[in-house]
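Please treat every number below as a calculation from the coordinates, not as lab data. None of the values given here were measured: they were computed from a predicted structure. FYI the Cβ positions are ideal-geometry reconstructions off the backbone, even for glycines, and counts take in every protein chain you see.
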Amino acid sequence: MLAIKVLPIKGYKKVIEATDPEVGLHCFIAIHSSSLGPALGGTRIFPYATTNDALIDVLRLSKGMTYKSAIAETGTGGGKSVIIANPKVDKTDRLLQSFGQVVDSLQGEYIAAEDIGSTVDDMLIINQKTPYVSALPIATSSGDPSRFTAWGVFRGLQAVSKHIWKTASLRGKTIFIQGLGSVGDKVANILFWEGAHLILNDIDNKKAHQAALLYDAQVVEGSDIFGVKCDIFCPCAMGGILNSTTIPQLKCQAIAGAANNQLLDESNGIDLMKRNILYAPDFIINAGGLMSATAEYNPEGYHPLVVRDKVNHIYDTLLKLFMKAEKEEKPTNVVANEIAEHNLQHEVGKRMAKINFEKNRS
């Protein structure tokens, strides 16, 4: 019953759509680029309103992964997958196994990992049908990448603070976190111990209030959140939230968070610059998880200390980016894109050694 078709989409190396009605699978996998190595990116499971919404999301996300990988120099390309389903209701072993067959059909061109709506345990089920899966909770793999993503976001927040207030300390700063998933909650925990004042928002109000008890935080309920006054807005949920409607409402000095594709349109970077709001490009600040997942393919194997030290460089990367953007009077997202495109053009960080995928077959 599994059907796979290739969609001809300009600017992308390969895009496929797959369906398996018997298990309720409808998914897309987009490979934007593999010029620096095999495409790696998370598997997002989300109840998209329309098929076109899912396709648009996978295309945007996969291109973002290309740029993220290029700047992080992980030796991987840009890819992403989305499954149109409610992860709380529709996700079954059979659906995930069928998706694993879709991944396997690409024979290593795309490597799957966890993302919104999927977990490392889901990756184990997918791994039953294909070895092209990373960040597995097994000895030869790297495990849950979210702690490294969260640490990278924290280091990015420190870089923002250093650039604006001339100190990396976040003590006393008011930080508004939108989204308390596997990354957002870890960011909140780190910031609590750093002495920041927290404002929290999540689609699950109960989760937000439970976290608020732990961190002595304020909760903002609902989706009308962009007028909340804070020092730094930290989006850690879905993308496309920074646009012509929301940006005029913002009452913050900076935006730095884990969400992918925060800008609905690249021109929104100009809108932020005009309002003197410093923006940490998402594909730089949230690259910690990618750094962890790809480190398992290092010739010497996976070592968390090596990943930690690499993630710490997000701080330096962003500081240099902020200074370059300020000097050239350009939006930070434009400068980030230029750096990524330079690395792609000159094959900076290209993977030379072939990956042994069989070691990660569960």
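In this structure the amide hydrogen of residue 174, modeled in the peptide plane, comes within under 5 Å of the amide hydrogens of 197, 231, 232, none closer than 5 places in sequence on its chain. Along each principal axis, taking the top coordinate minus the bottom one, the Cα set of region 136-217 gives 42, 31, 19 Å in descending order. Its Cα centre serving as origin, region 227-319 has a Cβ charge dipole (Lys and Arg +1, Asp and Glu -1) of approximately 380 debye.
The mean sequence separation of alpha-carbon pairs under 8 Å and at least six residues apart, normalised by the residue count of the chain, gives a relative contact order of 17 percent.
Label-to-label distance for residue 224 and residue 329 is 3.9 nm, based on points extended 7 Å past Cα in the beta-carbon direction. Note on residue 89 and residue 210: their simple-model spin labels are 2.1 nm apart, each label 7 Å out from Cα toward Cβ. Database remark: amide H of residue 115 closer than 5 angstrom to the amide H of 43 (H placed geometrically; neighbours at sequence offset of 5 or more, or on other chains; Pro and chain starts carry no H).
In region 1-104, the ratio of gyration radius to Kirkwood radius, Rg to Rh, stands at 0.98 when only Cα atoms are counted. In region 83-230, a dipole from Cβ-located charges (positive for Lys and Arg, negative for Asp and Glu) runs towards its positive end, and of 183, 136, 99 it is 183 whose Cα lies farthest in that direction.
Rounded to the nearest 20 Debye, what is the dipole magnitude of the chain about its Cα centre when Lys and Arg each give +1 and Asp and Glu each give -1 at the C-beta?
It works out to roughly 620 debye.
Report, by chain and number, residues whose modeled amide H sits under 5 Å from the one on residue 259, excluding near sequence neighbours (fewer than 5 apart, same chain). Correct list: 236, 237. Across region 1-97, C-alpha contacts under 8 Å between residues 6 or more apart give a mean separation that, scaled by the residue count, equals a relative contact order of 30 percent.
Take the chain and mark each of the trypsin sites (Lys or Arg not before Pro) that is in a DSSP loop with at most 11 other Cβ atoms within 10 Å; the longest unmarked stretch, sites excluded, is 172-353. Computed from backbone phi with θ = phi - 60° and the Karplus coefficients 6.51, -1.76 and 1.60, the 3J(HN,Hα) list for region 206-215 is 4, 4, 4, 5, 5, 5, 4, 5, 5, 10 Hz; x is used for glycine and proline.
A convex hull fitted to the Cα coordinates of the chain yields 128 cubic angstrom per residue. Distance from the alpha carbon centroid of region 271-331 to that of region 214-246 works out to 22 angstrom.
Can you sort 316, 185 so the residue with the fewest Cβ neighbours within 10 Å comes first?
Least crowded to most crowded, the residues run 316, 185.
Running Debye on region 45-119 with equal point scatterers at the Cα sites and no solvent, what base-10 log of I(q)/I(0) appears at q = 0.11 Å⁻¹? Cα-only, vacuum Debye calculation for region 45-119: -0.30.
A simple spin-label model places pseudo-atoms 7 Å from Cα toward Cβ; at residue 306 and residue 194 they are separated by 2.7 nm. Counting only Cα atoms, region 146-345 measures 45, 38, 29 Å along its principal axes, largest extent leading. Counted by neighbouring Cβ atoms within 10 Å, the residues 246, 149, 332 run from fewest to most as 246, 332, 149.
In terms of Cα atoms, the Rg and Dmax of region 191-288 work out to 13.5, 39 Å. Electrostatic tally near residue 184: other residues with Cβ closer than 12 Å to its Cβ, Lys and Arg +1, Asp and Glu -1, net -1. Pairs exceeding 25 Å between alpha-carbon atoms, taken from 13/320; 63/354; 173/320: 13/320. Share of pairwise Cα-Cα distances greater than 13 Å in region 303-354 is 68 percent (whole percent). In plain terms, the residue of 22, 194 with the fewest other Cβ atoms within 10 Å comes first and the most crowded comes last, giving 22, 194.
Distance from the Cα centroid of region 122-138 to that of region 65-90 is 15 Å (rounded to whole angstrom).
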